[in-house]
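The values are calculated or read from the model by the stated rules, or taken from the named source; none is laboratory data. Keep in mind that what you see is a predicted model, and the values were worked out from it rather than measured. Because the Cβ atoms are built from the backbone with ideal geometry, glycine has one as well, and the counts that use them run over all protein chains shown.
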Amino acid sequence: MGLLRSLTMLMLQLWLLRPMKLGAQNVSTGNFSSARALDMILQDYAYEAFVRPRTGIPYGGRVPSNLTGINITAMRLRSGSLRTRGVKTYKEFEIPTGVIVRPYVKRLVLVYQNLGILSEGYYPLPSHKYLAPVLGLLAYNASNLSATNLPELDIGASGDPILVHFSSIRPAPAGSVPRCVQFDLRGLVNFSDVESGNTCSTKQQGHFSIVIESIAPSPSPTFPPPPGEGPGPSPGPSGTSRSWVVVGSVLGGLALLVLLALLVFWVQRFKKRKRIQRMERAADAGEALRVTRVGDTTAPAAMVTRTQPALEHEYVP
């Protein structure tokens with residue numbers, strides 16, 4: 001059992017190295033699977049922090065060396081207590097009263113994540129820059145603190161929202177507007193306004209940060225050619241590429257014409273063969289005789305006599 005668990009963890013850690021080698025992607029497509037695999041790894045290491053757990057006390061976990069820069073914490077709570085009392089301060093999160101857990105469990109564990117410098121690697125956001133690290137808050141069943149690969153519970157605020165007070169945030173450049181961003185467990189991205197300079201609000205669990213839109217560099221100016229001078233041929237790889245496109249188009253057109261000619265030829269031969277077959281069947285059937293009525297009966301009758309009668313001798317005896 002221990003060997004199987006170690007192999008599973010090793011495979012997941014190797015998978016987690018993938019986003020650091022890829023370019024920016026939308027979290028709802030390519031990188032979402034890596035982010036979800038990271039949640040599984042962090043849940044396992046967060047549960048290892050419980051040696052002699054006490055309810056309501058946060059325990060800091062340790063991550064493997066390939067995830068250095070990520071901080072995790074786990075805290076066990078009673079579902080009833082979470083709903084009636086909330087949690088005033090859990091790292092950067094402020095959880096109000098009225099939080100509902102589905103499906104209902106007697107005890108749950110809230111796993112806190114701070115992805116630090118690895119935030120953009122697991123949650124790339126095109127055309128945006130991060131001002132704060134990505135923070136995560138996920139809930140799991142606490143009935144078995146040695147369990148791995150647990151599915152998340154669904155927690156949602158029925159009254160006041162859950163607040164995220166970012167303690168580490170870079171100042172926004174002049175002219176930019178900071179925005180809260182939330183990545184839910186389905187890979188969808190939601191934006192909202194920042195409250196009080198460094199606070200974001202949410203009704204459900206997930207991953208959160210503060211971002212600004214990045215300004216794309218302006219294109220280099222282009223100037224028209226002097227009078228009397230045309231653009232001229234375009235040497236280099238771009239001209240060569242266009243030449244190959246023209247040659248490919250011509251060859252493709254010729255191939256299409258040849259195929260059409262062969263198709264027409266085959267249709268004509270097929271029609272000719274069918275016509276010959278019909279003529280052969282008609283010849284094999286013979287000449288049809290007309291039918292005439294003789295008295296009360298009908299009988300075939302020839303229209304002309306094929307052989308003229310001739311006397312055997314020229315004289316009549």
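Which of the numbered conditions does L163 fail, given that it passes all the others? Conditions: (1) modelled with pLDDT under 95; (2) in contact with an Asp or Glu (Cβ under 6 Å, 6 or more places away or on another chain); (3) aliphatic (A, V, I, L, M).
L163 satisfies all of (1) modelled with pLDDT under 95; (2) in contact with an Asp or Glu (Cβ under 6 Å, 6 or more places away or on another chain); (3) aliphatic (A, V, I, L, M) except (1).
Looking only at segment 68-78, which residues are modelled with pLDDT of 95 or more and either surrounded by fewer than 16 Cβ atoms within 10 Å (Cβ to Cβ) or under 18 Å from M40 (Cβ atoms) (or both)?
Result: I70, N71, I72, T73, A74.
Kindly indicate whether any position in segment 140-157 is surrounded by fewer than 12 Cβ atoms within 10 Å (Cβ to Cβ) and of a type in the set (A, V, I, L, M, F, W, C).
Scanning segment 140-157 turns up no residue that is surrounded by fewer than 12 Cβ atoms within 10 Å (Cβ to Cβ) and of a type in the set (A, V, I, L, M, F, W, C).
State all residues of segment 190-210 that are at positive phi and surrounded by 15 or more Cβ atoms within 10 Å (Cβ to Cβ); if no residue qualifies, say none.
G206
Could you please tell me which pairs satisfy a Cβ distance under 7 Å, a separation of 6+ or placement on different chains, a first residue in segment 157-180 that is under 14 Å from G86 (Cβ atoms), and a second residue that is of a type in the set (A, V, I, L, M, F, W, C)?
Qualifying pairs under 7 Å: A157/V99; S158/I100; I162/F93; I162/I95.
Being modelled with pLDDT of 90 or more, out of contact with any Pro (no Cβ under 6 Å at 6 or more places or on another chain), under 20 Å from L185 (Cβ atoms) and among the hydrophobic types (A, V, I, L, M, F, W, C) narrows it down to one residue among L16, L12, L38; which is it?
From the options L16, L12, L38, the qualifying one is L38.
For segment 40-50, name all the residues that are among the charged types (D, E, K, R) and crowded, with 18+ Cβ neighbours inside 10 Å.
Across segment 40-50, the qualifying residue is only D44.
Counting just the residues of segment 79-108 that are under 17 Å from L153 (Cα atoms), basic (K, R) and free of Cβ contacts under 8 Å to residues at least 40 places away in the same chain, which one comes out surrounded by the fewest Cβ atoms within 10 Å (Cβ to Cβ)?
Out of the qualifying residues, it is K106.
Hey, does segment 166-189 have a residue that's farther than 18 Å from A35 by Cβ and β-branched (V, I, T)?
yes
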